[in-house]
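Q: Following this message is one structure expressed as structure tokens.
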Amino acid sequence: MIMKEIILIFVGLLILILGVLIGVAFLTLLERKVLGYIQLRKGPNKLGIIGMLQPFSDAIKLFTKEQTYPNFSNYLSYYFSPVISFMLSLMIWMLMPYYFNLLSFNLGMLFFFCCTSLGVYMVMIAGWSSNSNYALLGGLRAVAQTISYEVSLALIMMSCIIFIMDFNLLKFMDYQKLCWFMFIMIPLGLCWLSSSMAETNRTPFDFAEGESELVSGFNIEYSSGGFALIFLAEYSSILFMSMFFILMYMGGYSLSILFYLKMVLISFLFIWVRGTLPRYRYDKLMYLAWKSYLPISLNFLLFFVGIKIF
């Protein structure tokens with residue numbers, strides 16, 4: 001019986017990973033379409049109906065290209081850092097509060113922070129092992145940025161944890177049946193949204209790969225499969241962050257079409273921001289994390305602790 005349950009859990013995980021990969025494929029298509037329409041052009045529209053097959057052709061192109069590696073690179077760490085970063089971004093999805101698998105993470109929040117913190121090392125190793133100055137610069141910027149914003153993410157999340165007094169993500173649904181947390185803590189919700197953009201290195205915080213000044217950042221030496229894996233890791237973390245936002249602020253997890261619509265809406269927001277906002281200045285980004293978000297989240301944390309005790 002136990003063996004059967006273990007097999008069922010693995011089948012569930014497999015279905016989840018497949019779902020995430022297909023979701024990421026169509027997220028890239030959505031991004032290219034939306035950016036196209038923002039810039040008054042069509043976006044991909046040749047392959048399949050309205051370009052539906054474009055992401056698959058891109059994946060085939062990337063994975064069939066020749067894998068190159070720099071002569072002076074540190075080969076093993078250069079080769080494996082994209083793979084591990086992709087695995088980490090898929091591991092975070094185990095937090096998804098299942099109904100069909102009966103897996104419920106009691107310490108889900110802590111697991112989330114462990115995985116996102118490990119992601120920083122992968123960026124650092126990818127930048128360093130390429131043995132290229134530009135890649136190293138991009139990696140250093142990305143690490144400084146992600147570490148800064150992890151602090152604010154943790155503190156913002158603490159307020160929610162104080163509210164529900166549990167690390168389990170399924171509990172959010174019970175507490176938001178009558179009123180979304182978004183309405184109770186609007187400033188924190190907005191801080192979380194922009195911090196998660198900074199955490200996933202998206203515009204207006206994409207200093208890690210500021211193409212105009214850093215030639216693509218830490219992944220400059222990667223081609224074909226390695227680049228594809230870094231790309232997939234980034235987009236699956238975008239999907240995850242939008243899901244997390246819905247879990248925490250927009251009514252928790254429910255197996256309804258509305259849940260997926262909310263998820264698409266938040267992912268669309270990430271893309272919309274990319275199409276409309278220019279890149280932030282680097283020192284301003286750091287000041288935003290340490291001088292604005294840190295005091296706001298600390299004050300709110302004390303406020304909610306007071307409410308809880310009261």
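The values are calculated or read from the model by the stated rules, or taken from the named source; none is laboratory data. Quick caveat: nothing in here was measured; it's all calculated off a predicted structure. Cβ placement follows ideal geometry from the backbone for every residue including glycine, while neighbour counts extend to all protein chains displayed.
Q: Suppose we filter M87, M109 for residues that are within 19 Å of E234 (Cβ to Cβ), out of contact with any Ser or Thr (no Cβ under 9 Å at 6 or more places or on another chain) and not acidic (D, E); which single one remains?
A: Only one candidate qualifies: M87.
Q: For a quick check of your reading of the model, give me the residue pairs whose first member lies in the range 172-198 and is within 14 Å of I266 (Cβ to Cβ), whose second is among the small types (G, A, S) and not in a helix (DSSP H, G or I), with beta-carbon atoms closer than 9 Å and at least 6 apart or on different chains.
A: W180/G251; W180/G252; M182/G251
Q: Give F227, F207 a once-over and let me know the one that is among the aromatic types (F, W, Y) and closer than 24 Å to A289 by Cα.
A: F207
Q: Please list, ordered by residue number, the helices (runs of 4 or more DSSP H) wholly in the range 200-295 having 2 or more residues that are at pLDDT 90 or above, more than 19 Å from the chain's Cα centre (by Cα) and not hydroxyl-bearing (S, T, Y).
A: By residue number, 257-276.
Q: Residue pairs, Cβ under 6 Å, 6 or more apart or interchain, first in the range 251-277 and touching a residue at least 40 places away in the same chain (Cβ under 8 Å), second of a type in the set (V, I, T). List them.
A: Final answer for the pair search is F270/I238; I271/V34; R274/T203; G275/I38.
Q: Restricted to the range 175-198, and to residues that are crowded, with 22+ Cβ neighbours inside 10 Å and aromatic (F, W, Y), which residue is nearest to F113 (Cα to Cα)?
A: That would be W192.
Q: Let me ask another. If Q67 satisfies every condition in (1) buried (at least 17 other Cβ atoms within 10 Å of the Cβ); (2) touching a Gly at 6+ places or on another chain (Cβ under 7 Å); (3) within 30 Å of I125 (Cα to Cα) but one, which is the exception?
A: (1)
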